[in-house]
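See below for the structure under consideration.
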Protein chains: 2
Amino acid sequence: MQAAIDEARKGLDEGGIPIGSVLVHEGKVIGRGHNRRVQSGSAILHGEMDALENAGRQPAKVYAQSTLYTTLSPCAMCSGAILLYGIKRVIVGENQTFLGEEALLASRGVTLQVQHNQACISMMKDFIAARPDLWNEDIGR
Amino acid sequence: MQAAIDEARKGLDEGGIPIGSVLVHEGKVIGRGHNRRVQSGSAILHGEMDALENAGRQPAKVYAQSTLYTTLSPCAMCSGAILLYGIKRVIVGENQTFLGEEALLASRGVTLQVQHNQACISMMKDFIAARPDLWNEDIGR
């Protein structure tokens, strides 16, 4: 999770939305990323999507054996990507500032573990208070 | 739908997976795209995602008033993006070669219209027969 938090902080330093993610396979980070809405003008590069993209094209069995760490509860798009690739385990930094599609993921057999991580909560609370407009845009509101 | 089919054919000509999509707002195409797994080595640029990315950052009300045309039934990732952005209407070229998350979308209030378009069906049938490995990779199998 620390690597995902580091990614989120990198995003914040770049003037972006502080959400980070890493994809871990057999104990090794194979993809890391952070939200790039501001930095790349992207509508699809949430933290989880950026980590998946940076992991590159992987065979199905790699995804099936991987764990996705993300600082924030995954939204519908990122949850859909998790389902598409059959990622079976997702570690969530926090789901207090935003609750994504955890119920859908669980109903499809994905194991979720929510850490209620204080560093993740503070980072998002401060960001949402400072930039509610940008945050709402990021979650389609 | 013809614009989405044109995108799919462009992808095929580039050596890629022939799935195309356009996002239409108030009768105007505001984003068009096609699958870029091969062309960009991308794990996330399905046709629908590419169209959303090329539409750029849009306010929520634009998505809510838009229709997404896609040559193929949207997978979990693309369906998740549709839900995230609150796109209420999706026109699907065909769902015979692949059935995506249409039931989930419908259960969340998205209106779907499946055209059973022969051009879309033939294009995917030929592609899947020619490159089953690449196709399976694209849908996480």
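A few comments on the model shown:
- Exactly one residue out of A:THR71, A:THR67 is closer than 25 Å to A:LEU12 by Cβ, away from chain B (no Cβ under 14 Å) and under 10 Å from the mean Cα position of the chain (by Cα): that is A:THR71.
- In segment A:25-50, residue surrounded by the fewest Cβ atoms within 10 Å (Cβ to Cβ) [restricted to those that are assigned to a helix (DSSP H, G or I) and at the interface with chain B (Cβ under 10 Å from one of its Cβ atoms)]: A:SER40
- Any hit, segment A:75-86, residues being in contact (Cβ under 8 Å) with a residue 60 or more places away in the chain, aromatic (Phe, Trp, Tyr) and at negative phi: no
- Filtering segment A:1-15 to residues that are among the acidic types (Asp, Glu) and assigned to a helix (DSSP H, G or I) leaves A:ASP6, A:GLU7, A:ASP13.
- Qualifying residue in segment A:6-22 (condition: under 22 Å from B:GLU137 (Cβ atoms), in contact with a Leu (Cβ under 9 Å, 6 or more places away or on another chain), within 9 Å of chain B (Cβ to nearest Cβ) and not aromatic (Phe, Trp, Tyr)): no
- If only residues of segment B:128-141 that are loosely packed, with under 13 Cβ neighbours inside 10 Å and more than 14 Å from every other protein chain (Cβ to nearest Cβ) are counted, the one that is nearest to B:GLY93 (Cα to Cα) is B:ALA129.
- First in segment A:2-22 and of a type in the set (Ser, Thr, Tyr), second anywhere and surrounded by 24 or more Cβ atoms within 10 Å (Cβ to Cβ) and modelled with pLDDT of 95 or more, Cβ under 6 Å, 6 or more apart: A:SER21/A:ALA4; A:SER21/A:GLY33; A:SER21/A:GLY47; A:SER21/A:GLU48; A:SER21/A:ALA51; A:SER21/A:THR70
- Cβ-Cβ under 8 Å pairs, at least 6 apart or on other chains, segment A:97-109 side of a type in the set (Val, Ile, Thr), far side surrounded by 14 or more Cβ atoms within 10 Å (Cβ to Cβ) and outside any helix (DSSP H, G or I): A:THR97/A:LEU72
- When residues of segment B:92-112 are limited to those that are surrounded by 20 or more Cβ atoms within 10 Å (Cβ to Cβ) and among the β-branched types (Val, Ile, Thr), the one nearest to A:PRO74 (Cα to Cα): B:VAL110
- Residue selected from segment A:74-100 under the condition within 13 Å of another protein chain (Cβ to nearest Cβ), assigned to a loop (DSSP other than H, G, I, E, B) and under 12 Å from the mean Cα position of the chain (by Cα), by the criterion farthest from B:LEU99 (Cα to Cα): A:PHE98
- A:MET1 vs. criteria over 17 Å from A:TRP135 (Cβ atoms) and of a type in the set (A, V, I, L, M, F, W, C): yes
- Criterion: over 18 Å from B:CYS75 (Cβ atoms), in contact with a Gly (Cβ under 7 Å, 6 or more places away or on another chain), free of Cβ contacts under 8 Å to residues at least 40 places away in the same chain and among the charged types (D, E, K, R) - qualifying residue of A:ARG32, A:ARG57, A:ARG36, A:ARG89: A:ARG36
- For segment A:71-79, the criterion of a residue being within 30 Å of B:ASP133 (Cα to Cα) and surrounded by fewer than 17 Cβ atoms within 10 Å (Cβ to Cβ) is satisfied by no position.
- Some residue of segment A:113-127 being free of Cβ contacts under 8 Å to residues at least 40 places away in the same chain, at the interface with chain B (Cβ under 9 Å from one of its Cβ atoms) and assigned to a helix (DSSP H, G or I): no
The values are calculated or read from the model by the stated rules, or taken from the named source; none is laboratory data. In this text, all values refer to a predicted model and were calculated from it rather than measured experimentally. Methodologically, a virtual Cβ is constructed for each residue, glycine included, from the backbone with ideal geometry; neighbour enumeration extends over all protein chains shown.
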